[in-house]
Amino acid sequence: MSRCIFSILFILSTAMSIVAQETAPLRMNNIGGVTQGMTIYAIAQDARGMIWLGTNDGLCSYDGYEIHQHGRSMSKVNLASIRGLGRINCMAVQGDSILIGCEHGMEVFRIKEDKFSPYRLFAGHDVKTISDGWIGTDRGLYVKGRRLGIIRNIFSVSHLGSKIFVGTASSLYVYNGKDFVKVALMSYISGVAAIKTLPGVFFVGTGSTLSTMDCQNQKILKIKPMPVVKTILADGNRLLIGTDNGLYFTSGDVMTKVQHDAFRPDNSLAGNVIWSIFRDRDGNIWIGTDNGVSMMQKHSAISWHYLTDITGRHAGCLIEQILIDKHRRTWLGGSSGLICVENLGNPDETYR
């Protein structure tokens, strides 16, 4: 037998990963459990690559190893003021600052100074969305500190090419550069997105449906009932849909649902209520849930294989040695003995 050396990431006792072909299924990394118990309403990334989380316990940063909470060193007066703003709804990084939209106002967090300061223009506003300088609140839509138009109760602002879609509590609008044109009557619009495989079509997430619309005449083509759609994100050829009952994603005409898996708690969706979906600059997908963060790493050269999928059993095995012989058989040596897998990852996969 010849020994092959790989850079391998292990999930001890339940799974293994090996370098393989470019067809990676959805595999979740729950960040080592450090965010478990947190509700993650918003996610952002700064120029240094730091991930910022808007949670039920305030603003946190994640450096790849630990969660750091910010604002704990503030005076009691200022800290009470921050907490009085209610839940964090949305965030956006602007230079060395983070704009934080809350239920009762907005704060500016200065990263280098580790300090908060109020954005007084939005005092008392329920700030729902921040998108490329556009800020939507219950009182109206603002661009560069100026109110634009007369529409209110803004839930989302989506930039698709040259079009800007604004979703409210009751309607979808498109901005033509001068006015807002009502496209459709819909409730609680969480976002509009388009994917590469369906040019000329865009998707609209609402409180009870996922609607497909024609970009040219802006007519509804299809309405699919869904649990409350809280967030949607286009990721290349697929659409990710975060709902009150799990994560949905499209692949061609197929829609798949992903939920928390009690048999694989360390490598499944952290929670079933999805509040936020964010793609970082490396293409990793971060999913904020009611029970922490899950991440889908973008490593096209890596596919994941669970021992439970191979053996059909839930008994674990601490894998300590991997050998691939000249016949491409994969030998796994570990705490429970030796496993030989033939045609790993293929339909005719067998083991003994």
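The values are calculated or read from the model by the stated rules, or taken from the named source; none is laboratory data. These figures come from a predicted structure and were not determined experimentally. Neighbour counts are summed over all protein chains in view; Cβ atoms, including those assigned to glycine, are modelled from backbone coordinates with ideal geometry. For accessibility, only protein heavy atoms count, side chains too; no ligands or nucleic acids. Shrake-Rupley method; radii C 1.70, N 1.55, O 1.52, S 1.80 Å.
Things to note:
- Globularity index of the stretch 47-168, i.e. its alpha-carbon radius of gyration over 2.2 N^0.38 Å: 1.07
- Within a straight-line Cα-Cα reach of under 17 Å, K219 cannot be paired with any aspartates and glutamates, leaving aside sequence neighbours fewer than 8 residues apart in one chain.
- Counting only Cα atoms, the size of the stretch 100-179 along its three principal axes is 39, 25, 18 Å, in decreasing order.
- Solvent-accessible surface (1.4 Å probe) assigned to Y188 amounts to roughly 130 Å².
- Accessible surface ranking that places the most exposed of L141, L233 first, with a 1.4 angstrom probe: L233, L141
- Positive-end ranking of I223, I135, Y65 along the dipole of the chain, with charges on Cβ about the Cα centre, is headed by I135.
- Accessible surface of the chain [probe 1.4 Å, protein heavy atoms]: carbon and sulfur percent: 49
- Two-decimal log10 I(q)/I(0) for the stretch 169-316, as the Debye equation yields it once each C-alpha is a single scatterer, q = 0.19 Å⁻¹: -1.20
- At a probe radius of 1.4 angstrom, the accessible area of the chain per residue rounds to 51 square angstrom.
- Heavy-atom accessible area with a 1.4 Å probe sorts H314, H260, H305, largest first, into H314, H260, H305.
- For the stretch 275-332, the equivalent ellipsoid derived from the alpha-carbon gyration tensor has semi-axes of 31, 17, 9 Å in decreasing order.
- For the cross-link pairs K163/K222; K182/K224; K222/K298; K112/K163; K112/K144, the ones whose C-alpha atoms lie over 26 Å apart are K222/K298; K112/K163.
- Point-charge dipole on Cβ atoms (K/R +1, D/E -1) for the stretch 77-217, about Cα centre, debye to 20: 260
- In the chain, taking the dipole from charged Cβ atoms about the Cα centre, the farthest positive-side position among G84, L323, A262 is held by G84.
- Cα-centre dipole for the chain with unit charges at Cβ (Lys and Arg positive, Asp and Glu negative), debye to 20: 920
- Viscosity 1.002 mPa s, 20 °C: Kirkwood-radius Stokes-Einstein D of the chain over Cα pairs, µm²/s: 97
- Of the whole protein surface, W275 contributes about 70 Å² of accessible area at a 1.4 Å probe radius.
- Most positive-pole-ward Cα, G177, V273, M213, against dipole of the chain from beta carbon charges: G177
- Shown here: the stretch 161-256, whose C-alpha atoms stretch 39, 27, 19 Å along the first, second and third principal axes, sorted largest to smallest.
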